[in-house]
1. Just to be sure before I move on: is A:Leu27 over 21 Å from A:Ala152 (Cβ atoms) and within 16 Å of ligand 2 (Cβ to nearest atom) in the structure I sent?
2. Need the failing condition index for A:Ile213 against (1) in contact with a helix residue (DSSP H, G or I) (Cβ under 8 Å, 6 or more places away or on another chain); (2) away from ligand 1 (no atom under 16 Å from the Cβ), just the number.
3. Suppose the filter is away from ligand 1 (no atom under 16 Å from the Cβ) and modelled with pLDDT of 95 or more; does A:Arg55 pass it?
4. Would you kindly identify the helices (runs of 4 or more DSSP H) lying entirely within the range B:163-251 that contain at least 3 residues that are buried (at least 17 other Cβ atoms within 10 Å of the Cβ)?
5. Take the range A:109-123 and flag every residue that is within 12 Å of chain B (Cβ to nearest Cβ) and assigned to a helix (DSSP H, G or I).
6. Tell me whether the range A:142-150 contains one or more residues that are within 14 Å of chain B (Cβ to nearest Cβ) and either in contact with a strand residue (DSSP E or B) (Cβ under 7 Å, 6 or more places away or on another chain) or among the β-branched types (Val, Ile, Thr) (or both).
7. Which one is nearest to ligand 1 (Cβ to nearest atom), of the residues in the range A:184-200 that are of a type in the set (Val, Ile, Thr) and within 16 Å of the chain's Cα centre (by Cα)?
8. Might you check whether a residue that is open to solvent by 60 Å² or more (accessible area, probe 1.4 Å), β-branched (Val, Ile, Thr) and more than 16 Å from the chain's Cα centre (by Cα) occurs anywhere in the range A:254-266?
Amino acid sequence: MNMMTRHGAALKIENCGKTFADGTCALARATLDIGQSETLVLLGPSGCGKTTLLRIVAGLETPDGGGRVLFDGKDLTRQPIEKRNVGMVFQSYALFPNMSVAENIGYGLKLRGLPKAERAAQVAELVALTNLGGLEDRRIDQLSGGQRQRVALARAVAIRPSVLLLDEPLTALDAALRERLRGELNDLLRKLGITAIYVTHDQAEAMELGDRIVVMRKGAIAQIGTPREIYFTPANRFVAEFVGAANIVEAPIEGGELILPGGRVPVAGPATMSRAVAMVRPETIAIADAATTGLAGIVDGVRFAGDRQRIIVRDAASLPLAVDAPNTIKVRTGERVGLSIPPDAIRLLPDEG
Amino acid sequence: MSHKSFVWMCLLPLAAVTAAFFVLPMAHLLVTGAEGPRGLPEYLAIIADPRYRATLLNTVLLAAATTVATLIAATITGLFLQRHRFPGRAVMIAILTFPLAFPGVVIGFMIILLAGRQGTIGDVSSRLLGDKIVFAYSIYGLFLGYLYFSIPRVILTIMAAAQKLDPSLEEAARSLGASPWAVLRDVVLPALAPALVASGAIAFATAMGAFGTAFTLATNIDVLPMLIYTEFTLAGNLATSAALSVGLGVMTWLILALARTFTGNSVAAAG
Ligand SMILES: Nc1ncnc2c1ncn2[C@@H]1O[C@H](COP(=O)(O)OP(=O)(O)O)[C@@H](O)[C@H]1O
Ligand SMILES: [Mg+2]
């Protein structure tokens, strides 16, 4: 396998929606471009249509009339999955229980009529790539969850797919393993340089793995952007709250300052608004001496998280504010503290009523 | 009372029932088989006597053919019914499983209605071909009867097993480029293997030992249960019929054990 080069197809999803036979509208019409060797993450809560969109790309569902799926400009909408050359990794892994690890990985190559020796060589390469050495002859039920995940991945990339489709591949694993495998998966995707669509409901996974993230909500696309764009400039309240932690503050703006119950904070943008919806990330707020800041509040609680602490401050805004502070700062519940927020850390969101 | 002795106590009734209803009659049968004028070699007669041997072979072939045909027909039908929703599906399942309750006599009667001297097939063929086709009273009639008997049971088992199949396994195979035929060969059939072995075993054992259908169709079809019946009631040959019964049991058991070891690997892996 050629390392560090670009692989896979450039994808175009055009006007694809899905209404199931029972009338469920799982996906509103969406149009998306995915560049060659790009990793696109579909992120959203359970039931928002991520799997449906992935299955449309795979060819396991047909989009509603007028929708088209193009691989490198070629319209494959009418082609079934077996003609699309896609590598799929399922949440359940869907490994064949009647085949060994090596047979699972080599199955797609066998179907392509690759001679036995060549097949064995490629399987060996994939086994090494996915750290499965020594497990080649194991049965699937003799593997751990993490090993299964890697077999599923090796099996999917073995066929050198046009696009790798991963549907919550880490969700079935426990938290510690999930974090470690997330790193491994990221390295592997970069190394393979293959076009990939990765479905997850976990925003940390999306941030780490995605070149771009598509945030979805109720079958519609809420925002598309790089992880940084999504995190720092969320398009709306849903994205702001779903990706990372966010304080959402509703207040008027006067003279370029947000008018809050606990004081005033300068904002970038319009000088006057009768009602603004502003987002502030907890880690952008700093605890300071109440005498030096325009905004102050009362410490309502401190949650120590090891590497940092989350301080809840009431009476500064209409709702309690979450502040992430370094673990060295000492504050007590009931203490009055000042809060300093840089103007560019306040993001105004559209007022959705 | 310790946990262990409690378990043993619970096993006591099981042991009593096993002894009373399985071991004792079977032992009696074994002894009876050796008590004829020929003594123990009575058992050898099953193999040595050309008539008995031919009958045994006939029975095994019939049972094997029934099993294979049943499995093929029931797998195709069962998979289709499990996967497709169409109007009339429930009615079709009801019709297919209707014969479940019928005793062998009724099945035999239905075969006569179908392929007997006044049967449907005879009527149609004499009108179309000018030649009346009648096969109810032969081994073919019996084969058809056993199919009729076995297919409903196997269909139900296959449908239950197919329902438990993880659809993403098939989707994974297809994503790797598998044609429908390859999916069937590499994914579906291996997953159904335990159900196929279990229901195939029942179909086979039933066809080996069923009596009612054979008796209804004709008294001169050469299958082992008929032979046992004639030896027992007509010839009053207690020892021979006991020896033949034991032979029938052992033979069926052996063939099933053989089938299980052959498919054992795939079954274990798919389980
Ligand atoms: N085959 C189907 N028939 C009817 N509704 C479906 C089907 N598959 C999914 N849905 C519905 O479509 C919506 C989106 O599902 P899905 O794409 O699986 O969401 P996600 O993967 O984001 O959790 C859900 O409300 C789900 O119940
Ligand atoms: Mg899903």
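The values are calculated or read from the model by the stated rules, or taken from the named source; none is laboratory data. Every value quoted in this text rests on a predicted model; they were computed, and no experiment measured them. Cβ sites come from the backbone with ideal geometry, for glycine too, and all protein chains shown count toward neighbours. Side chains are part of the model used for accessible areas, which takes the heavy atoms of the whole protein and leaves out ligands, DNA and RNA. Shrake-Rupley method; radii C 1.70, N 1.55, O 1.52, S 1.80 Å.
1. Yes.
2. Looking at each condition in turn, A:Ile213 falls short on (2).
3. no
4. Correct list: B:167-175, B:189-209, B:212-217, B:224-229.
5. Scanning the range A:109-123 gives A:Leu109, A:Lys110, A:Leu111.
6. Checked against the condition, which is being within 14 Å of chain B (Cβ to nearest Cβ) and either in contact with a strand residue (DSSP E or B) (Cβ under 7 Å, 6 or more places away or on another chain) or among the β-branched types (Val, Ile, Thr) (or both), the range A:142-150 yields no hits at all.
7. Once the filter is applied, the top-ranked residue is A:Val199.
8. No, because not a single residue in the range A:254-266 is open to solvent by 60 Å² or more (accessible area, probe 1.4 Å), β-branched (Val, Ile, Thr) and more than 16 Å from the chain's Cα centre (by Cα).
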